[in-house]
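One structure below.
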Amino acid sequence: MPLPVVLVCDDSPAVRATLIALIGAEFDLRCVASPAELATALGKAVADVLVVDHHLGSGQSTGLEVLLDARWSDCARVLSSADLDQALLLDAINRGHVDAFLPKPFSYEQLLALLRQCVATARLRRDNRALVAQLAERNRSLEAATVGLEASVRDRTEHLEMLSKRLQDKHHELVRLETTSTVAHLVRGLAHEL
């Protein structure tokens, strides 16, 4: 199984070097300095975790703006910052834009636990999305089968109604013939008696 892909966007070379040294063996770690480099850093790979520094260098997007990008909806999104702006953090988490917050400085154990949890979250999201897609496909198949069965039942009902009508017509014909035969038999009997 391939290593989980962790994409880090942090403008600090020291932070990127520290992350590479700490977690490079357990994760496929890809570090970039700016949001513009994010897409090219992935190539054809799919990010499991996106860790973005809230305060990127001057003139760049904020980390939260990067996390809002629809490209990252399947991966677990982590906002990292040295200053704890609780209002911003609570708003981002409550609106579902951020899955976790990584305060700086962070410990090795804290970082590994968070990344493992985030990888599990991302995989669960993808599995859920795949299951929802499978369910939708099966529902479409069931709807098509239901329409087919309804048409088949309708055709068979029409056929049975037609056969029932023919049987009733034959029954009436037999009753008429039997009545005619009985009357003829009685007339012959009376004629013979006279």
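Pairs linking a residue in region 106-135 that is over 16 Å from Val51 (Cβ atoms) to a residue that is open to solvent by less than 80 Å² (accessible area, probe 1.4 Å), with Cβ atoms under 6 Å and 6 or more positions apart or on different chains, are Arg125/Asp74; Arg126/Asp74. Being out of contact with any helix residue (DSSP H, G or I) (no Cβ under 8 Å at 6 or more places or on another chain) and either within 12 Å of Leu79 (Cβ to Cβ) or surrounded by 14 or more Cβ atoms within 10 Å (Cβ to Cβ) (or both) narrows it down to one residue among Leu124, Leu102, Leu90; which is it? Exactly one residue qualifies, and that residue is Leu90.
Scanning region 140-167 for residues that are among the polar types (S, T, N, Q) and open to solvent by 100 Å² or more (accessible area, probe 1.4 Å) yields a count of 0.
The values are calculated or read from the model by the stated rules, or taken from the named source; none is laboratory data. Bear in mind the structure is a predicted one, so any value in this text is a computation, not a measurement. Don't worry about glycine lacking a Cβ; one is built from the backbone with ideal geometry, like all the others, and counts go over all protein chains shown. What goes into the accessible areas is simple: the full protein's heavy atoms, side chains included, and nothing from ligands, DNA or RNA. Shrake-Rupley method; radii C 1.70, N 1.55, O 1.52, S 1.80 Å.
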